[in-house]
């Protein structure tokens, strides 16, 4: 029997020392919490975790107590940056100290790997994320964010405002390069580019968009509810990308408008179209996330029927 299986005290071990079977009760509980807290089917993400853990191909840590896995955290390295993909501790055993033990182990592993100067994370299930002290506080910043939700049917009551000179058509993957340039332009100097450094360049935005389309972290990409806006010259000037996070819940994974078209109703028109398409698909609710200081976007979303579902935070450790 491994030493960690005999230890009665909480112990942080490499994730590769546990099996998918060891993690399954924890992942099952987490899946239920995502469903209850956000109407989000975490099942596809949990299945990916199980698959990669069985392959010993997922970097991270497990928290063990009395031979049971009571928490886990995994991370991804992208060149000079690390991403904390998920962290969860069982509700009965959860404390901020135990969550922080996993965060600290992850940060130490990334710093020691060499060349990593920045770590990003958005952990939606952390309680009181702004009222806690975290490891490596000298490099840490937290940005308050909000998870908003609206009835998909609310879109039926929203007027169809004209957007002179702007055409709205379905978004396709063929637009990814133009979309990456749009994201970089739309978020230049914006607080969200402090939170996600992929927004700072077209190449980074291209990776961000590819993740949205290819992987289930933000749900399953749903092309029928994703739209592009083009100006009179045919240039992309806005987009709204959507995903399905459960059979009855849609999510807006990205919505942005070029600086030249802001304030002209393009964002409203794109979001309304996405909501209508999600409602037609059978979604009862639509969610999106927004940084709390982005008051202009919040004002638009509230006018369109969105209300608060959960507050969370983006965590950044920047050791440059």
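Derivation of every value follows stated rules applied to the coordinates shown; laboratory data play no part. Everything quoted here is computed from the prediction, not taken from an experiment. Glycine gets a Cβ as well: all are built from the backbone with ideal geometry, and neighbour counts include every protein chain shown.
Could you tell me what percent of the DSSP beta bridges with both partners in region 3-135 are antiparallel, to the nearest 5? Mind showing how you got there, number by number?
On the way: 19 of 23 bridges.
Looking only at bridges with both residues in region 3-135, the antiparallel portion is about 85 percent.
Give me the angle, in degrees from 0 to 90, between the Cα long axis of helix 20-38 and the longest principal axis of the Cα atoms of the chain, rounded to the nearest 10.
Compared with the principal axis, the helix lies near 40 degrees.
What distance in nm lies between label points placed 7 Å from Cα along the C-beta direction at residue 310 and residue 33?
The modelled label-to-label distance comes out at 0.9 nm.
Once each part is reduced to its C-alpha centroid, what is the distance from region 19-55 to region 272-305 in angstrom?
27
What full-extension length gain, to one decimal in nm, is calculated for residue 299 and residue 158 as 0.36 nm per residue of separation minus the Cα-Cα distance? Working shown, then result.
Values: separation 141, 0.36 × 141 = 50.76 nm, distance 1.51 nm.
Length gained, residue 299 through residue 158: 49.3 nm.
By how many nm would the segment from residue 247 to residue 100 grow when fully extended, if each residue of separation counts as 0.36 nm and the alpha-carbon distance is taken off? Please list the in-between numbers first.
Numbers: separation 147, 0.36 × 147 = 52.92 nm, distance 3.35 nm.
Result: 49.6 nm gained on full extension.
May I ask what percent, to the nearest 5, of DSSP beta bridges between residues of the chain are antiparallel?
Numbers: 59 of 67 bridges.
For the chain, the DSSP antiparallel bridge percentage is about 90.
Run the numbers for residue 128 and residue 284: contour at 0.36 nm per residue of separation, minus the present Cα-Cα distance, in nm. Walk me through the numbers before you get to the answer.
On the way: separation 156, 0.36 × 156 = 56.16 nm, distance 2.82 nm.
Gain on stretching residue 128 to residue 284: 53.3 nm.
Of all alpha-carbon pairs in region 148-313, indicate the percentage at a distance above 22 angstrom. Kindly include the intermediate steps, with their values, before the conclusion.
On the way: 5174 of 13695 pairs.
Summing the P(r) tail past 22 Å for region 148-313 gives 38 percent.
With r defined as the distance between the Cβ atoms of residue 91 and residue 260 and R0 fixed at 45 Å, what FRET efficiency is calculated, to the nearest 0.05? Each step should come with its number before you reach the end.
Details: r = 48 Å, r/R0 = 1.07.
The value I calculate is 0.40.
If each DSSP helix of 4+ residues adds -39,500 (n - 2.57) and the sum is divided by the residues in the chain, what number results at 222 nm, nearest 500 deg cm²/dmol? Please report the intermediate quantities before stating the final value.
On the way: 9 runs with 106 residues, N = 320.
The per-residue figure over the chain is -10000 deg cm²/dmol.
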